[in-house]
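Novice: Structure provided below as structure tokens; questions to follow.
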There are 4 protein chains.
Amino acid sequence: MPENNLTAILLLSCPDRGGLVSRISHFVFERGGNILDLDEHVDIENKYFFIRIAWDMKNFSISENEIISAFMPLAKEFNAQWKINFAERKLRVAIFVSKLDHCLQEILWRQHLGEFNIEIPLIISNHPDLKTLADHYSIPYYVFSIDEKIKEEQEKKELTLLKEHKVDTIVLARYMQILTSAFVNEYPNRIINIHHSFLPAFVGPNPYKQAYERGVKIIGGTSHYVTIELDEGPIIEQDIIRISHKDKISDLVRKGRDLERMILARALYNHAQHRVLVYGKKTIIFE
Amino acid sequence: MPENNLTAILLLSCPDRGGLVSRISHFVFERGGNILDLDEHVDIENKYFFIRIAWDMKNFSISENEIISAFMPLAKEFNAQWKINFAERKLRVAIFVSKLDHCLQEILWRQHLGEFNIEIPLIISNHPDLKTLADHYSIPYYVFSIDEKIKEEQEKKELTLLKEHKVDTIVLARYMQILTSAFVNEYPNRIINIHHSFLPAFVGPNPYKQAYERGVKIIGGTSHYVTIELDEGPIIEQDIIRISHKDKISDLVRKGRDLERMILARALYNHAQHRVLVYGKKTIIFE
Amino acid sequence: MPENNLTAILLLSCPDRGGLVSRISHFVFERGGNILDLDEHVDIENKYFFIRIAWDMKNFSISENEIISAFMPLAKEFNAQWKINFAERKLRVAIFVSKLDHCLQEILWRQHLGEFNIEIPLIISNHPDLKTLADHYSIPYYVFSIDEKIKEEQEKKELTLLKEHKVDTIVLARYMQILTSAFVNEYPNRIINIHHSFLPAFVGPNPYKQAYERGVKIIGGTSHYVTIELDEGPIIEQDIIRISHKDKISDLVRKGRDLERMILARALYNHAQHRVLVYGKKTIIFE
Amino acid sequence: MPENNLTAILLLSCPDRGGLVSRISHFVFERGGNILDLDEHVDIENKYFFIRIAWDMKNFSISENEIISAFMPLAKEFNAQWKINFAERKLRVAIFVSKLDHCLQEILWRQHLGEFNIEIPLIISNHPDLKTLADHYSIPYYVFSIDEKIKEEQEKKELTLLKEHKVDTIVLARYMQILTSAFVNEYPNRIINIHHSFLPAFVGPNPYKQAYERGVKIIGGTSHYVTIELDEGPIIEQDIIRISHKDKISDLVRKGRDLERMILARALYNHAQHRVLVYGKKTIIFE
């Protein structure tokens, strides 16, 4: 069979039992795969098993297209949720923005440097403001203005566009609209948001103002998957920055910009490398 | 007049106006004081002024006992809240504990090293468990068992004891009881608590369990002055530590112990050096 | 006299003595200035005094041009090094780059958002690579190729250009050339460099490779003023990021990019707000 | 065979090749072990493989004493360095101290709480000062005064004592003596030191003074295994704390105490759980 240069990445979770690592790693070994990276986790309390395993397919005896059916019997026996991706088949990611440029700027610049293993076929916004930035990186920019009356209708158009571009993951890079449940349900655990507070503190609008008024000494940011409950989705990454009484709300906004874009970038980085497993309301991050 | 070796520390806040720094520093200068440290802050939005100024009294023309009346006219003119302390007159601090030793251990050990500028005349607890630790550092340990029926009565006895020992500040070093309003009102902005979450996230009991269940990637701790609203007092210090999916609740408790004792120690350190000014629900920390 | 809207900022250091704060703040007060911010520091060991004081000149009785001569007598009496700047008179900053874009990108983007209080009249490079980025922000970009033979000659041309543009401060944003002493001496404590290690660890070339080989668990970055001794200038800002055995040199470079641009941005931010006082080999940062 | 309640932990490194994970995990599986934790790492550049694997021996078909000979053939085939420990067989750790108590205090207190999975059969010091602290925790304390003339002789007595107590690991908790090569070679990669700087910065004596004089904005600490080259051993853990121009050397010492004891505690924690693999001058930490 022809040599291939792919790297396969299996993400799997299932009820814990003896022999899981042995049998999964044997599946790879007996077909000539060379394991590059393996990380596993057992939730002892709930007796649940999680694994991420990446292997070199250069000498693998079956092709990319045959893997799923080959692995299926094992997965069924284990009663597993699972997915196999290939590092070289880049995720197709759409970015949603409104008027603030810092998160978009950060993602596009990192993408330009090749930090993420993704493609960005399009940017969608409810405002035209960031088109110049999109143009600088030669990425198509679509505007769908949103108000409550036309939201559903506009989202349908957006979904059509996303499907045309074979989009796998959506990043809300300070997109100031709440998506409908219908939209969210099309991309379960594949819409990444950045919220500008240390969730669950300061849910909802104006978290920096809330933080300022409470007099906290630290502000935070949270990147999470979007679920139909606002700011309640599984958390992928959080970080904080120290503030003091000298900082006005405008200073919190300025310092927060650095936090937000770093956190969102790290969340996307791990998501794009298939390092994130969602488990109930939580995530396992195989770093 | 006799030379004295005191260092005076003025903490003052008042409506902002021209000449405040000039006139306050002149008050010190014209009496022969040498300013060792001065830090000020203006809340521009609310036009409010805050200052901490420390001076060497070696050549000061008036004595410790005359300072208050000498400064009074200026303070009245400025419509100020203010207090003058002397670095060499150590704060008298009572520690309240229940059964957990980590915060008490940390404070007593640092006190033994001379890190805090305080005296600890007594420890009060609702359990006898930590008496051995108190004994090791030769500090009197009093037990007042607490249940809802006798709480008021016991607190009255505690207040009597605190007054006998001329206690200025109370530290709740993981004291597992909620103080009554009557008690709290005796020590306004002078009771320091440590809450084992990043407030305002995870108010109330079992914050580590709450954090575990929410799946946060960072846990925090908060030291604040106690007010009659639970976990709502002015925040003195906060800090965080990173956790992962590998950490069970017991790991959060273990990692949190380190956080709690460091945060509480820093809050007490700044309080004891008269570096904390309360302003509404917030604090100014002159570090 | 006409109202003016300037904010004056005095940075001063001198041997410590009684009455410095009082007399300096009185200088401001008696001329009708309103102090917005004052921070001071005394090096007790060396008996040296440092102050930054900012005041609103709206009702100031003398004009911008008269301040220096008005303050001169006091400064002479105190035997002080001092400088008065005006917040509204923006620093003119030249950026020097080679081929790496991350620090330049960060500075230009923040400048575009208005975070710095500066003007950037020109960018100078020894390579043409980053001209596109300069063009995107409409900033003139000059190329002076450098090798040892022509370095002195090229630097002279650069100096002429810098003077034409009235440049006050130079930022070396990963500029890969060592400047001659002659050049450095033209901008004492006004050339800001970013070194990609936690100085004094890993001086010289390839610090990430050095860090990788030593097996450190943390990498750092350092922004400092350039002196004629390589990597020995007064440190303005440092920060670090955690790494692990999983990180290859390329990961250190990637993580280090984030460090470098944040550190350099913070150093420039403080420098541009006249918050940095150099004192021997060290800096006082009035944050 | 009788049920046993041990948890086996294999640490292994060898040249990389196909099938390592599969065959090692199969070794566990076919004998009825249940893998609790597995982490592996491949150094791709040097083609070297590292693994830590922990399994429950409840239903394991061979006993604790038979494991080594059962695993030997596999280890030989892989040309591996390896060791099998049992979580329930606690490491026996000796603490060496001089006069400073903070690291010893921290370790004994954590040990008292049960944080480490170790036994501490004895403390050795070159001074009698910390005997009271040792007594409080009921741990035997031996004094061997040291000067250059008698160092070798005293170390021999110490080694005899360590062997009598079956000591596996030595922690230098701010022990102010340099051990001879002869001593170090008795405990290769089993002597843990804490150095109070961010190595490789500020090697040698008085790192806080060195840091103060260089004007760094951050100080650090480093825990490493002791080798015969001073401060050059494999680094286990590092951390840092921010300082400012306000901090005198005594403040650096105070802040550094917190750093040192936290870093040393984390290093010992990971070492005692067999999470550290030394690889040349570096460590792999399986956290």
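The values are calculated or read from the model by the stated rules, or taken from the named source; none is laboratory data. Keep in mind that this is a model prediction, so the values were computed, not measured. Reconstructed Cβ throughout: ideal geometry from the backbone, glycine too, with neighbour counts over all protein chains shown. Each accessible area value is taken on the protein alone, full model and side chains, heavy atoms only, with ligands, DNA and RNA left out. Shrake-Rupley method; radii C 1.70, N 1.55, O 1.52, S 1.80 Å.
Novice: Please figure out what share of the DSSP beta bridges in the protein assembly as shown is antiparallel and state it in percent, rounded to the nearest 5.
Specialist: Values: 158 of 222 bridges.
So the antiparallel bridges in the protein assembly as shown amount to around 70 percent.
Novice: Also, I was wondering about something else. Which trypsin sites (Lys or Arg not before Pro) from segment D:2-40 combine a DSSP loop assignment with at most 12 other Cβ atoms within 10 Å? Don't jump to the answer; show the numbers that get you there.
Specialist: Numbers: sites: D:17, D:23, D:31; in loops: D:17, D:31.
Hits after loop and neighbour filter: nothing returned.
Novice: Let me ask something else about it. Using the crude model of +1 on Lys and Arg Cβ and -1 on Asp and Glu Cβ, and no other charge, please compute the dipole size for segment B:1-156 relative to its Cα centre, in debye to 20.
Specialist: Values: 17 positive and 24 negative charges, 55 e Å.
It comes to approximately 260 debye.
Novice: Treating cross-link reach as a plain straight distance, find the aspartates and glutamates whose alpha-carbon is under 20 Å from the alpha-carbon of residue B:149, omitting any fewer than eight places away in the same chain.
Specialist: The reachable aspartates and glutamates, counting only those whose Cα sits under 20 Å from residue B:149, are B:158.
Novice: If you bin every alpha carbon distance in segment D:190-260 into 5 Å steps from zero, what whole percent lands in each bin?
Specialist: Per 5 Å bin, starting at zero, the Cα-Cα P(r) for segment D:190-260 comes out as 4, 18, 32, 23, 13, 8, 2, 0 percent.
Novice: Okay, helix-only estimate at 222 nm for chain C: each DSSP H run of n ≥ 4 adds -39500 (n - 2.57), divide by all residues, round to 500 deg cm²/dmol; what do you get?
Specialist: Numbers: 8 runs with 93 residues, N = 287.
The per-residue figure over chain C is -10000 deg cm²/dmol.
Novice: Something else: Could you pull out every residue, at least 5 positions away or on a different chain, whose amide H is within less than 5 Å of the one on residue C:142? Hs are placed 1.01 Å off N in the peptide plane, and Pro or chain starts have none.
Specialist: HN-HN under 5 Å from residue C:142: C:123, C:124, C:125.
Novice: If you don't mind, another one. Please give the net charge around residue B:268, taking every other residue with its beta carbon less than 10 angstrom from that of residue B:268, where Lys and Arg add +1 and Asp and Glu add -1.
Specialist: Around residue B:268, the surrounding residues sum to -1.
Novice: Accessible area per residue of segment D:1-150 at 1.4 Å probe, in Å²?
Specialist: Each residue of segment D:1-150 exposes 44 Å² on average to a 1.4 Å probe.
Novice: From zero outward in steps of 5 Å, how is the percent of C-alpha pairs of segment D:73-221 spread across the bins?
Specialist: Using 5 Å bins, I get a P(r) of 2, 8, 16, 18, 17, 15, 12, 7, 4, 2, 0, 0 for segment D:73-221.
Novice: If we hang a label 7 Å off Cα along the beta carbon direction at residue B:210, how far is it from the matching labels on the other copies, in nm, shortest first?
Specialist: 1.3, 4.6, 4.8
Novice: Just flag the trypsin sites (Lys or Arg not before Pro) in segment A:222-287 sitting in loop per DSSP whose Cβ has no more than 16 other Cβ atoms within 10 Å. Display every interim value, and only then the final one.
Specialist: Details: sites: A:242, A:246, A:248, A:254, A:255, A:257, A:261, A:266, A:275, A:281, A:282; in loops: A:246, A:248, A:275, A:281.
Here the sparse-neighbourhood loop sites are A:246, A:248, A:281.
Novice: Just from the alpha-carbon atoms, what are the Rg and Dmax of chain B in angstroms?
Specialist: 20.7, 67
Novice: For chains D and B, what's the summed buried accessible area, probe 1.4 Å, to the nearest 100 square angstrom? Could the numbers behind the result be given before it?
Specialist: Numbers: alone 14720 and 14730 Å², together 27680 Å².
Interface area, both chains combined: 1800 Å², rounded to the nearest 100.
Novice: Let me ask another. Applying the Karplus parametrisation 6.51 cos²θ - 1.76 cosθ + 1.60 with θ = phi - 60° to the phi angles of segment D:159-170, what ³J(HN,Hα) value in whole Hz is obtained for each residue in order, glycine and proline being reported as x?
Specialist: Taking θ as phi minus 60°, the curve returns 4, 4, 4, 4, 5, 4, 8, 6, 6, 9, 9, 10 Hz for segment D:159-170.
Novice: What are the distances, in nm and sorted shortest first, from the label point of residue A:280 to the label points of the same position in each other copy, with each label point placed 7 Å from Cα along the Cα-to-Cβ direction?
Specialist: 4.0, 4.4, 5.8
Novice: Using a Debye calculation, one point per C-alpha and no hydration shell, please list log10 I(q)/I(0) for segment B:1-74 at q = 0.14, 0.17 Å⁻¹ in order.
Specialist: Those come out to -0.45, -0.64, one per q.
Novice: How much of the pair distance distribution for segment B:117-158 lies past 17 Å, counting alpha-carbon pairs only, in percent? Mind showing how you got there, number by number?
Specialist: Working: 325 of 861 pairs.
For segment B:117-158, the fraction of Cα-Cα distances above 17 Å is 38 percent.
Novice: Please go through the residue pairs C:90/D:217; A:255/D:217; A:166/C:131; A:246/C:58; A:246/A:282 and name each one whose alpha carbons sit more than 25 Å apart in this structure. Walk me through the intermediate numbers first.
Specialist: Numbers: C:90/D:217 27 Å; A:255/D:217 20 Å; A:166/C:131 35 Å; A:246/C:58 23 Å; A:246/A:282 36 Å.
Result: C:90/D:217; A:166/C:131; A:246/A:282 exceed 25 Å.
Novice: With all protein chains present, how much of the accessible area of chain A (probe radius 1.4 Å) comes from carbon and sulfur, to the nearest whole percent? Show your work: numbers first, answer last.
Specialist: Working: 5900 of 11610 Å².
Here carbon and sulfur together make up 51 percent of the probe-accessible area.
Novice: A further question follows. What percent do you get for the relative contact order of segment D:183-287 when only Cα pairs under 8 Å and 6+ apart count? Could the numbers behind the result be given before it?
Specialist: Values: 178 pairs, mean separation 28.1, N = 105.
The value is 27 percent.
Novice: Taking all pairs of different Cα atoms in segment B:44-139, averaging 1/r and flipping that mean, what Kirkwood radius in angstroms comes out?
Specialist: Working: mean 1/r = 0.0588 Å⁻¹.
Answer for segment B:44-139: a Kirkwood hydrodynamic radius of 17.0 Å.
Novice: A follow-up question, please. Are there any residues in segment D:268-282 with a reduction of at least 30 Å² in accessible surface when going from the isolated chain to the assembly of protein chains? Probe 1.4 Å, please list them by number.
Specialist: Buried by 30 Å² or more upon assembly, which counts only protein chains, are D:269, D:281, D:282.
Novice: What are the ³J(HN,Hα) values, in whole Hz, obtained from phi via the Karplus relation 6.51 cos²θ - 1.76 cosθ + 1.60 with θ = phi - 60°, for each residue of segment D:182-192 in sequence order, with x given for Gly and Pro?
Specialist: Rounded to whole hertz, the list is 4, 5, 4, 5, 6, 10, x, 6, 10, 10, 9.
Novice: In segment C:139-170, which trypsin sites (Lys or Arg not before Pro) fall in coil by DSSP and have 10 or fewer other Cβ atoms within 10 Å? Don't skip to the answer; put the middle values down first.
Specialist: Numbers: sites: C:149, C:151, C:156, C:157, C:163, C:166; in loops: C:149, C:166.
Passing both the DSSP loop test and the Cβ count: C:149, C:166.
Novice: Please average, across the residues of C:12-18, the number of beta carbons from any other chain that are within 10 Å of each residue's own beta carbon, and give a whole number. Show your work: numbers first, answer last.
Specialist: Details: counts 0, 0, 0, 0, 3, 1, 9.
Per residue, the number of nearby Cβ atoms from other chains is 2 on average.
Novice: Something else now. Evaluate segment D:171-210: find the radius of gyration of its Cα atoms, find its Kirkwood radius, and give the ratio Rg to Rh.
Specialist: Values: Rg = 11.4 Å, Rh = 11.4 Å.
Rounded to two decimals, Rg/Rh equals 1.00.
Novice: Here's another thing I want to ask about it. Under 9 Å from the Cβ of residue C:103, count the other residues' Cβ atoms, weight Lys and Arg +1, Asp and Glu -1, and hand me the total. Before the final figure, lay out each step's value.
Specialist: Values: positive: C:174, C:257, C:261; negative: C:101, C:106, C:260.
Value of the local net charge: 0.
Novice: Within chain C, what percent of beta bridges assigned by DSSP are antiparallel, to the nearest 5?
Specialist: Values: 39 of 55 bridges.
The answer is about 70 percent antiparallel.
Novice: Would you please report the Å³ per residue occupied by the convex hull of the alpha carbon atoms in the protein assembly as shown? Write down the numbers at each step before the final one.
Specialist: Numbers: hull volume 247.3 nm³, N = 1148.
Dividing the Cα hull volume of the protein assembly as shown by its residues yields 215 Å³.
Novice: Taking the label point as lying 7 angstrom from Cα along the Cα-to-Cβ axis, what are the distances from residue A:114 to the corresponding position in the remaining copies, in ascending order and in nanometres?
Specialist: 3.9, 5.3, 5.9
Novice: Something else: Taking H as built 1.01 Å from N, whose amide H comes closer than 5 Å to the amide H of residue A:237, not counting residues under 5 places away?
Specialist: A:223
Novice: With θ set to phi - 60° and the Karplus curve 6.51 cos²θ - 1.76 cosθ + 1.60, what are the ³J(HN,Hα) couplings of segment D:37-51 in order, to the nearest whole Hz, using x for Gly and Pro?
Specialist: Each residue of segment D:37-51 in turn: 7, 9, 9, 9, 8, 10, 7, 5, 4, 9, 6, 10, 10, 9, 8 Hz.
Novice: Give me the net charge of residue A:132's neighbourhood, meaning all other residues with Cβ under 15 Å from the Cβ of residue A:132; Lys, Arg count +1, Asp, Glu -1. Walk me through the intermediate numbers first.
Specialist: Values: positive: A:99, A:131; negative: A:101, A:129, A:135, C:135.
So the environment of residue A:132 carries a net charge of -2.
Novice: To check you understand DSSP bridge types, tell me what percent of the beta bridges within segment B:1-123 (both residues inside) are antiparallel, rounded to 5. Mind dumping the intermediate values first?
Specialist: Numbers: 24 of 28 bridges.
Antiparallel bridges: around 85 percent, rounded to the nearest 5.
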